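Chemist: I am attaching a structure below and will ask some questions about it afterwards.
Since every read-out is calculated from the coordinates, none of them should be taken as a lab result. Keep in mind the model is a prediction, meaning the values are calculated, not measured. Note that each Cβ is placed from the backbone with ideal geometry, even for glycine, and that neighbours are counted across all protein chains shown.
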Amino acid sequence: MHCQPRRKHEVYIWSKNTQTCLICDEPTETDDSVCNACETELPWLMEHCEVCALPLPLDGLICGQCQRQPPAFTQVIAPWTYSFPVDSLISRFKHQARWPLGRMLGRLLGHHLQHRFDNTALTRPDALLPVPMAAKRLRERGYNQALMLARWLSTDLNIPCDEHVLLRPRETLAQQALDAKTRKRNLLGAFALTADAQVQGRHVALVDDVLTTGATAHSLARLLINAGARQVDVYCVARTPKPGT
């Protein structure tokens, strides 16, 4: 059988190919598929709410919504705001199956989290839990982008990914077209735990692509806390700004 490429030729040459930035198509200086210039110019989330990561004028504050109605999750960690070009990269990954873009974002999110683990009080969770997708929508799209991100983060951060804890048994309307109050009503009864889910006393982190109002994250975190989880954090690629800002 000669189906495998010859060790000293094809594989060797392929491994020496120059990596190209997936944003500007220029050669990169790293293995992250993004050049240093493009990474620097990404819309990094700076001052934000200490709980939900909503962009704010000053750092170290808690937004009015989190003060009035504290969410069930402890904190949201997101490197960027949902604006160009991150919004376009996520959309192409999510809706056009541009998986290399998702892998690039996932790796950069992993770098951001590792930096926080090493240099701040952020503690590593016991497990990563991808936000589940309803069966019908999963069949239509063919993949769950949150699950893909969670698996990549699991590999990069050496944190277990437990994809058999959360279920989405009820189909709901797409959250993107709904306002904050309707989003909360839309999610009533949308999520459940698997029969053998083990969350008692555990610190877990939900993984998703974008956090908008936080309604999905709050519903899932409340479900997990009610089942005995010690702490629920949220890791996502981007956080949307407040409408009108």
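Chemist: If you find the alpha carbon centre of segment 40-69 and of segment 132-170, how far apart are they in angstrom?
Modeler: Using only Cα atoms, the two centres lie 26 Å from each other.
Chemist: By count of other Cβ within 10 Å, fewest leading, how are Thr123, Thr20 ordered?
Modeler: Values: Thr123 11, Thr20 14.
Fewest-to-most Cβ neighbours within 10 Å comes out as Thr123, Thr20.
Chemist: Another question, then. Sort 216-223, 77-84 by the packing proxy (mean of other Cβ within 10 Å over each peptide's residues), most packed first.
Modeler: Listed from highest to lowest mean packing, they are 216-223, 77-84.
Chemist: Where nothing but the Cβ of Lys and Arg (+1) and of Asp and Glu (-1) is charged, how large is the charge dipole of segment 43-239 around its Cα centre, in debye to the nearest 20? Walk me through the numbers on the way to the answer.
Modeler: Numbers: 23 positive and 16 negative charges, 130 e Å.
I would put it at about 620 debye.
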